[in-house]
Protein chains: 2
Amino acid sequence: MPITANDPNRKSWLEVPNDSDFPIQNIPFGVFLTKDDVITIGTRIGDSAIDLGALQQMNYFEGIELTDDMFMQDTLNDFISDGKKTWRLVRNRIAEIFDAENPLLRDNAKHREIVIFTLDEIEMQLPVLIGDYTDFYSSKEHATNVGKMFRDPENALLPNWLHIPVGYHGRSSSIVPSGIPVHRPMGQTLPNGETTPVFGPSRLIDFELETAFITTDANIMGENIPVHEAEDYIFGMVLLNDWSARDIQKWEYVPLGPFLAKNFASSISPWIVTLDALEPFRVKGPKQDPTPLPYLQQKGKHAFDIHLEVSIEPENGEETLVSKSNFKYMYWSMSQQLAHHTSNGCRVNSGDMMGSGTISGPTPDSFGSMLELTWGGKNPIQMKDGTERKFINDGDSVRIKGYCQNSDVRIGFGEVCSKLLPPFTRK
Amino acid sequence: MPITANDPNRKSWLEVPNDSDFPIQNIPFGVFLTKDDVITIGTRIGDSAIDLGALQQMNYFEGIELTDDMFMQDTLNDFISDGKKTWRLVRNRIAEIFDAENPLLRDNAKHREIVIFTLDEIEMQLPVLIGDYTDFYSSKEHATNVGKMFRDPENALLPNWLHIPVGYHGRSSSIVPSGIPVHRPMGQTLPNGETTPVFGPSRLIDFELETAFITTDANIMGENIPVHEAEDYIFGMVLLNDWSARDIQKWEYVPLGPFLAKNFASSISPWIVTLDALEPFRVKGPKQDPTPLPYLQQKGKHAFDIHLEVSIEPENGEETLVSKSNFKYMYWSMSQQLAHHTSNGCRVNSGDMMGSGTISGPTPDSFGSMLELTWGGKNPIQMKDGTERKFINDGDSVRIKGYCQNSDVRIGFGEVCSKLLPPFTRK
């Protein structure tokens, strides 16, 4: 079925600002709360949020097989369960409804008023109920940087890294949408040179620049997903800031991996951009040497050219851009990650989220964490307001943006932005 | 509020076989499917399963504040959310209803027929929707054994182990109730002496003898749970077999911890035994030296004397008991685990599950995994049918049982038993 929603020549009757991440070719999916306290599934065109639940009630999706309340829900899980064909039909239909040439809704003022919201009239929610959250570690540059700093500069990559899309389980309960502030965690750390740990506020709070993909029901327990089918089970992508407490991490992570250093908060952008919308931005990934084992081998373009940037905005201060990276640098593709994840028969459900791991590029200004950008705090970042940063300060907001751009169209994610607050205190 | 349900002198009008794990003093909670394809929340006395949804509909819980459909659900999450006071009221009421002296239901044949099922008329389900699953590593004997085998016999425990209840995130989607067979996973492993990995069926499948506790909503994001309050947020416990593929684990686990080696399956016993029911079996845990940091310090009895045993039953063969252990050996208590888990503000929800980690005792016959029992395969176990086991064979069923016993009463968990099948093949 063709993805007619991607037609680069289509214009919408809704206004779309220049350089908007959300032209009519994007049509992402999200969940929002309206000013009337109604939760609904929606999409976004330009700076308009669109209530898909209301559209469905008024029969705009007639002819597409959907349960009656498909878009009147507080998560996208059921819609995602319906599979790729349905996602495509719905996206194509939305493109038609908002096509500049289509008078149906355009000229129906009453319907428009019910369906369309300005952004300040809504509050974005988590788009899915995330059953399980996996975080990979698939940037070679990031793994190499970390290996150089913490292990052996001469053998920075561990022996398994070039053979396995290394990943681990994260915590779903701590995933929050953009805009929700995050408290600096307390935790146990081992001061340098000491043998007895202490408990107190983490002193080394970091961001991690990541993307994540959201899956549909993929398999029954025991069954694997072949790498060449894996993309069929990926609904779309979001931006992810995988907040990290480096001092807690260093003391706790051997031998079972990071735990409290990561599970105090992970922030995501609220609009899921579909893999269909990203189709024009496929590129080849980095050459994989050694050749992966057959279950991870794939041909064609499975990376995506997604520009990423991170900035830090001090409280009441001017924002400083601290990193520019790109998703295309990732060594392991999303399809390889999903094929590996299910190679042992691990069950993957609708609404599961899988993070890329920190996305570091080849140059020092493209690194995806303060740990790497300041090389463990040795080279502080100069901020526009004259201050320095080794890690994130209380009151700082960390903003990650992402977008794809070609000569025809720009498809973006908006942003994930959240502020770091001091440690929580009981009232 | 007194736990009148624990009265050791109470008898039930339902028959309870000698040495049953489920006398009227137990009153665990579970979810089952009836022969009429109805899913309901239930409890068990002797060999009778009791439909609590039907009891509620017939007003047997009058006077207790419960939503109308509290027990007519397919998970216990909402009930668990209601908190400790409600759990206690309901358990006390169930004890009254089934008290030998109470004619109300005893003498109402019509009601009895609706409410009571024999075990072969029902099919046990997962008792909760598990949002997040954490697995700890809190047996000193187990951590020492693993350290001796894989790291340094002289410094078997890692430096953080005596300071932190080390834990990591597991995968919720792979948790299944007792009785569901498990496929031997495929996976990537590094053959001994080689530098290039291979892909194929895991050759070293192991069980891990564990228990797990189920939490209620404990905190908002950012807030910690003090160690002396932690038990208020623990609903109850189950038995857990944390299936493990040792060869996959060895190759994948550095630096982010076990992943595919664990997430192909974890099996739990279906009846949640409440912490209230385990109250008479509190004991002091092992002495903790060095003294933990203040946020982990607690006084009193926070360990539980739960006898545990594991047996292996070959296909069509006789069962062999391979381990006898006890939950009281655990170095870190459940309250310390939960206090540590939330010390960074990590959100804990109703229905989250936290595993103890492998429960190994001090003697070689009390170790909680084949890895330890056979010392990495060096000392195979002699089976009653004349065969040997280094790890688990296809067709073997692994059965874990657990119970508490004093002169008055026996409170047990029943069992978690599941069969290992050959690798999954597509039809």
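The values are calculated or read from the model by the stated rules, or taken from the named source; none is laboratory data. A quick note: this is a predicted structure, and the numbers were derived from the prediction, not measured. When we count neighbours, we look across all protein chains shown, and the Cβ atoms used for this are built from the backbone with ideal geometry, even at glycine. What goes into the accessible areas is simple: the full protein's heavy atoms, side chains included, and nothing from ligands, DNA or RNA. Shrake-Rupley method; radii C 1.70, N 1.55, O 1.52, S 1.80 Å.
Residues that are on the phi > 0 side of the Ramachandran plot, in the same structural domain as A:Ile234 (by TED's automatic domain parsing) and either at pLDDT 95 or above or in a loop (DSSP other than H, G, I, E, B) (or both): does region A:335-344 have at least one? I'd like the intermediate steps shown before the answer.
First pass over region A:335-344, keeping only residues on the phi > 0 side of the Ramachandran plot: none.
Checked against the condition, which is being on the phi > 0 side of the Ramachandran plot, in the same structural domain as A:Ile234 (by TED's automatic domain parsing) and either at pLDDT 95 or above or in a loop (DSSP other than H, G, I, E, B) (or both), region A:335-344 yields no hits at all.
Here is a yes/no grid of residues against (1) within 12 Å of chain B (Cβ to nearest Cβ); (2) open to solvent by less than 10 Å² (accessible area, probe 1.4 Å):
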{"site": "A:Thr291", "(1), (2)": "yes, no"}
{"site": "A:Gln297", "(1), (2)": "yes, no"}
{"site": "A:Gly300", "(1), (2)": "no, no"}
{"site": "A:Asp305", "(1), (2)": "no, no"}
{"site": "A:Ile312", "(1), (2)": "no, yes"}
{"site": "A:Ser335", "(1), (2)": "no, yes"}
{"site": "A:Gly345", "(1), (2)": "yes, yes"}
{"site": "A:Gly351", "(1), (2)": "yes, yes"}
{"site": "A:Pro364", "(1), (2)": "no, no"}
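If only one of B:Phe235, B:Phe207, B:Phe264, B:Phe259 is crowded, with 16+ Cβ neighbours inside 10 Å, free of Cβ contacts under 8 Å to residues at least 60 places away in the same chain and not aliphatic (A, V, I, L, M), which one is it? Don't jump to the end; show me each part of the working.
Working: B:Phe235 fails: free of Cβ contacts under 8 Å to residues at least 60 places away in the same chain; B:Phe207 fails: free of Cβ contacts under 8 Å to residues at least 60 places away in the same chain; B:Phe264 fails: free of Cβ contacts under 8 Å to residues at least 60 places away in the same chain.
After applying the criteria, what remains is B:Phe259.
If B:Val254 satisfies all but one of (1) out of contact with any helix residue (DSSP H, G or I) (no Cβ under 9 Å at 6 or more places or on another chain); (2) surrounded by 21 or more Cβ atoms within 10 Å (Cβ to Cβ); (3) part of a loop (DSSP other than H, G, I, E, B), what's the number of the condition it fails?
(2)
So is B:Val128 β-branched (Val, Ile, Thr) and more than 12 Å from chain A (Cβ to nearest Cβ) or not?
yes
For residues in region B:282-309 being touching a helix residue (DSSP H, G or I) at 6+ places or on another chain (Cβ under 9 Å) and not in a loop (DSSP other than H, G, I, E, B), which is farthest from B:Glu388 (Cα to Cα)?
B:Tyr295
Restricting attention to region B:362-402, which residues are farther than 25 Å from B:Tyr137 by Cβ and either touching a Gly at 6+ places or on another chain (Cβ under 6 Å) or in a strand (DSSP E or B) (or both)?
Within region B:362-402, B:Gln382, B:Asp385, B:Glu388, B:Ser397 meet the criteria.
For region B:404-413, which residues satisfy the criterion of being open to solvent by 20 Å² or more (accessible area, probe 1.4 Å) and assigned to a strand (DSSP E or B)? Don't jump to the end; show me each part of the working.
As a first pass, look at region B:404-413 and keep what is open to solvent by 20 Å² or more (accessible area, probe 1.4 Å): B:405-408, B:410.
Those that are open to solvent by 20 Å² or more (accessible area, probe 1.4 Å) and assigned to a strand (DSSP E or B): B:Gln405, B:Arg410.
So, in region B:54-81, how many residues would count as being farther than 30 Å from B:Asn18 by Cβ and buried (at least 20 other Cβ atoms within 10 Å of the Cβ)?
5
Return yes or no: is B:Leu33 over 14 Å from B:Trp271 (Cα atoms) and either open to solvent by 10 Å² or more (accessible area, probe 1.4 Å) or out of contact with any strand residue (DSSP E or B) (no Cβ under 9 Å at 6 or more places or on another chain) (or both)? Working first, answer last.
Values: over 14 Å from B:Trp271 (Cα atoms): no; either open to solvent by 10 Å² or more (accessible area, probe 1.4 Å) or out of contact with any strand residue (DSSP E or B) (no Cβ under 9 Å at 6 or more places or on another chain) (or both): yes.
Answer is no for this residue.
Pick out the one residue from B:Pro280, B:Pro270 that is away from every other protein chain (no Cβ under 14 Å) and either under 17 Å from B:Ile214 (Cβ atoms) or open to solvent by less than 10 Å² (accessible area, probe 1.4 Å) (or both).
B:Pro270
Which residues, taken from region A:230-257, are under 18 Å from B:Tyr137 (Cβ atoms) and either among the hydrophobic types (A, V, I, L, M, F, W, C) or more than 13 Å from chain B (Cβ to nearest Cβ) (or both)?
Passing the criteria: A:Ile248, A:Trp251, A:Val254, A:Leu256.
Scan (1) among the basic types (Lys, Arg); (2) out of contact with any Asp or Glu (no Cβ under 9 Å at 6 or more places or on another chain); (3) touching a residue at least 40 places away in the same chain (Cβ under 8 Å) for the single condition B:Lys110 breaks and write down its number.
It fails just one condition, (3).
Scan region A:15-30 for residues that are among the hydrophobic types (A, V, I, L, M, F, W, C) and either in contact with a helix residue (DSSP H, G or I) (Cβ under 8 Å, 6 or more places away or on another chain) or open to solvent by 20 Å² or more (accessible area, probe 1.4 Å) (or both) and jot them down. If you could, list the steps in order and put the result at the bottom.
Quick first cut of region A:15-30, residues among the hydrophobic types (A, V, I, L, M, F, W, C) only: A:16, A:22, A:24, A:27, A:29.
A:Val16, A:Ile24, A:Ile27, A:Phe29 - these are the residues of region A:15-30 that are among the hydrophobic types (A, V, I, L, M, F, W, C) and either in contact with a helix residue (DSSP H, G or I) (Cβ under 8 Å, 6 or more places away or on another chain) or open to solvent by 20 Å² or more (accessible area, probe 1.4 Å) (or both).
Quick check, is A:Leu240 buried (at least 24 other Cβ atoms within 10 Å of the Cβ) and either within 12 Å of the chain's Cα centre (by Cα) or part of a strand (DSSP E or B) (or both)?
yes
Considering region A:114-141 alone, what residues qualify as being more than 15 Å from A:Asp47 (Cα to Cα) and either open to solvent by 40 Å² or more (accessible area, probe 1.4 Å) or assigned to a strand (DSSP E or B) (or both)?
Listed by number, the residues that qualify are A:Ile114, A:Gln125, A:Leu126, A:Leu129, A:Tyr133, A:Thr134, A:Asp135, A:Phe136, A:Lys140, A:Glu141.
Regarding region A:174-182, can at least one residue be identified that is in contact (Cβ under 8 Å) with a residue 60 or more places away in the chain, within 12 Å of another protein chain (Cβ to nearest Cβ), buried (at least 16 other Cβ atoms within 10 Å of the Cβ) and in contact with a Cys (Cβ under 8 Å, 6 or more places away or on another chain)?
Scanning region A:174-182, I find at least one residue that is in contact (Cβ under 8 Å) with a residue 60 or more places away in the chain, within 12 Å of another protein chain (Cβ to nearest Cβ), buried (at least 16 other Cβ atoms within 10 Å of the Cβ) and in contact with a Cys (Cβ under 8 Å, 6 or more places away or on another chain), so the answer is yes.
Looking for something part of a loop (DSSP other than H, G, I, E, B), away from chain A (no Cβ under 14 Å), modelled with pLDDT of 95 or more and open to solvent by 30 Å² or more (accessible area, probe 1.4 Å) - is there at least one such residue anywhere in region B:218-229?
Looking for residues that are part of a loop (DSSP other than H, G, I, E, B), away from chain A (no Cβ under 14 Å), modelled with pLDDT of 95 or more and open to solvent by 30 Å² or more (accessible area, probe 1.4 Å), one finds at least one in region B:218-229, hence yes.
Checking A:Phe264 against (1) assigned to a helix (DSSP H, G or I); (2) facing chain B (nearest Cβ under 7 Å); (3) under 25 Å from A:Val176 (Cβ atoms): exactly one of these is not met. Which one?
Answer for A:Phe264: the failing condition is (1).
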